[in-house]
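Reviewing the structure listed below.
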Protein chains: 2
Amino acid sequence: MNGRDVRICEVGPRDGLQNLPIIVSTETKLALIDALVAAGVPEIDAGSFVPAKVVPQFGDAEAVFAHALRHTGVRIGALVPNEKGAERALAAGVKNLFFVVSASEAHNQANVRRTVEEQVAAFRALRKRIDASGERIHLVGAIATAFGCSISGRVPERAVRDLAIALAKAGADEIGLADTVGYGNPPLVKAIVAGVRADLGPAMPLRLHLHDTLGLGLANVYAGLEAGIRTFDASVSGLGGCPFAPGARGNVVTEDLVFMLEELGLSTGIDLDRLLATRAILAAAIPAEHLTGHLHEAGIPRALRRAA
Amino acid sequence: MNGRDVRICEVGPRDGLQNLPIIVSTETKLALIDALVAAGVPEIDAGSFVPAKVVPQFGDAEAVFAHALRHTGVRIGALVPNEKGAERALAAGVKNLFFVVSASEAHNQANVRRTVEEQVAAFRALRKRIDASGERIHLVGAIATAFGCSISGRVPERAVRDLAIALAKAGADEIGLADTVGYGNPPLVKAIVAGVRADLGPAMPLRLHLHDTLGLGLANVYAGLEAGIRTFDASVSGLGGCPFAPGARGNVVTEDLVFMLEELGLSTGIDLDRLLATRAILAAAIPAEHLTGHLHEAGIPRALRRAA
């Protein structure tokens, strides 16, 4: 962890932008990534390799990754929905792939137009193709709608656990549990993390990706911490959403999350003042109603620092 | 608890209005109180008995309480900062008083222009005067800045616990622990609740009053639930603040809190649709930037209801 107690993966450049009604310029994306690196963020999900006709926001993915990958000391990842996207990401030099499979059959169909079983088979094939090439690629099995689905409602814990087992067997280096639509709550987070941990054992890295649709984002992070999770996705200014998950709102706000973690005595290696400075980049490019969060408005409480 | 697992005290008409830059009409206050009662809220903090020259918002307190107290089946409370306020509240027929003492000496001075010791002495005198009169009055010892102070920073746990002991000895029927400025975090909430509980024993009712300044409001509620608390203050549309605590922002949003509790399987007895309807009353009278919350924007997730 390089001295960090908790690892934050910033997903603003990917999840944060994918559902916006505007196309953000390549220049703004690069400025955001540079500012995140300058703030000490250890990992950035910098974009998706999806067809530009499906999600026009990522039509410039190659250019964005060419720039992002020049940074050293930061892990640059890409979301890929299928083998074709994975090939593009690998060709761009990306070493960390988030391959998405939904625990909800309905969301998987909406998201990638396949059954869950077909998507797991695609993941397995990708792992084999990568291993055969001899490349060292970190492949995250990212389980969407792990805590509920806005199309089909509650998702059975068993479906999530079985999918995690299937992805682990298919060669995932890490499992991501994503509350794509923000329907999770603290005991549910604890139960699913504990269940997946029990199934996969202590060696499999797990991460949480939590949307803050109903205001429960940080409460769910805290539950995840109590359940032993030490890697969390988050999005600066609380950007985020899923084009294929109606009702999903923004991610946990990175600034608020970092403040909370540091208050809990958990280091993130992130400079909060510099992280807050990313808001100006976003505010110049994105309508204000898409930017949320508390810390930027309240300010870092200096009274706490003084008396610490 | 009348079949409720968790008791919500709505503080919007008091805490929610006290820091606004506008005076809300008496008519709006009464409409809000009526709507809260119609939604099934079991307890309402309906105003403060403070001099109108100090907090002009409550210049109509007598009229507001005369109306509020006509409702049956709901506990109507008032905040009082001193004996004079308590006399006014008692004369108005209020049976539930929140008497405020700060754990932070600096905030107590700013709030009531007395030392903490002087304020505890005033609480003791009030208890004696009430008991001598034979009236049955529920007297809450409300500890402000129990989780931090924007003037003096961190507040020692021992100071909060000693103040709770002093208020209990002085005759408090209940102890309120208030995160007046929203600097609390989950482990801190657990530690202070556990400490106060250990000092006062299981018979003393405890409540939490949590501001959401830094986005940790619901995470702190969850920590409070884990620590055994079953009474929470909250404010519709997240209104709130303290005129004498710089930087304090709104309370935990009642709508979001009720949604979370019901998701956790904890009944509140509150009709969420009717509760959400209070926003229209507030939005017609109060500038939009003072209204926060998630549930009103996201909507109640019907997909969760269907599959429950």
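All of the numbers you see were taken from the coordinates with simple rules; none came from a lab. In this text, all values refer to a predicted model and were calculated from it rather than measured experimentally. So basically every Cβ, Gly included, is an ideal-geometry build from the backbone, and we count neighbours across all protein chains shown.
Measuring max minus min along each principal axis, the C-alpha atoms of the stretch A:62-151 give extents of 39, 28, 19 Å (largest first). The separation of the stretch A:206-268 from the stretch B:63-130, counted between C-alpha centres, amounts to 39 Å.
The convex hull built on the alpha-carbon positions of the stretch B:140-241 has an orientation-averaged projected area of 5.9 nm².
Here the simple spin-label model places points 7 Å from the Cα toward Cβ, and for residue A:199 and residue A:83 these points are separated by 2.5 nm. Using just its DSSP H runs of length 4 or more, each adding -39500 (n - 2.57), chain B gives a mean residue ellipticity at 222 nm of -12500 deg cm²/dmol after division by all residues. Within the protein assembly as shown, the proportion of C-alpha pairs whose separation exceeds 30 Å stands at 53%.
As a length-normalised measure over Cα pairs under 8 Å and 6 or more apart, the relative contact order of the stretch B:191-308 settles at 22 percent.
With the simple spin-label model, which puts each label point 7 Å out from Cα in the Cβ direction, the residue B:162 to residue A:72 separation comes to 5.5 nm. Rg/Rh for the stretch B:177-308 (Cα atoms only, Rh after Kirkwood) is 0.99. The three principal axes of the C-alpha atoms in the stretch A:1-157 carry coordinate ranges of 40, 40, 36 Å, sorted with the longest axis first.
Taking A:100, A:140, A:24 as the candidate residues, the one with maximal mean-square fluctuation in a Gaussian network model of chain A, Cα springs under 10 Å, is A:24.
When the listed pairs A:53/A:169; A:29/A:128; A:53/A:95; B:29/B:169; A:53/A:128 are checked against a 27 Å cut-off, the alpha-carbon distance exceeds it for A:53/A:169; A:29/A:128; B:29/B:169; A:53/A:128. Considering only A:101, A:236, A:193, give the residue with the highest GNM mean-square fluctuation for chain A, with springs between Cα atoms whenever their separation is below 10 Å. Result: A:193 has the largest fluctuation of those listed. Students often forget the sequence filter, so: which aspartates and glutamates lie under 15 Å Cα-Cα from residue A:84 once same-chain residues fewer than 8 apart are removed? Result set, ordered by chain and number: A:62, A:118.
Scoring B:102-110, A:197-205, A:176-184 by mean Cβ neighbours within 10 Å over their residues and listing the highest first yields A:176-184, B:102-110, A:197-205. Considering only B:188, B:26, A:42, the residue lying farthest towards the positive end of the dipole of the protein assembly as shown is B:188, judged by Cα position with unit charges set on Cβ.
Just the number, please: Stokes-Einstein D of the stretch B:7-307 in µm²/s, Kirkwood Rh from C-alpha pairs, 37 °C, 0.692 mPa s. Rounded to a whole number, D works out at 173 µm²/s.
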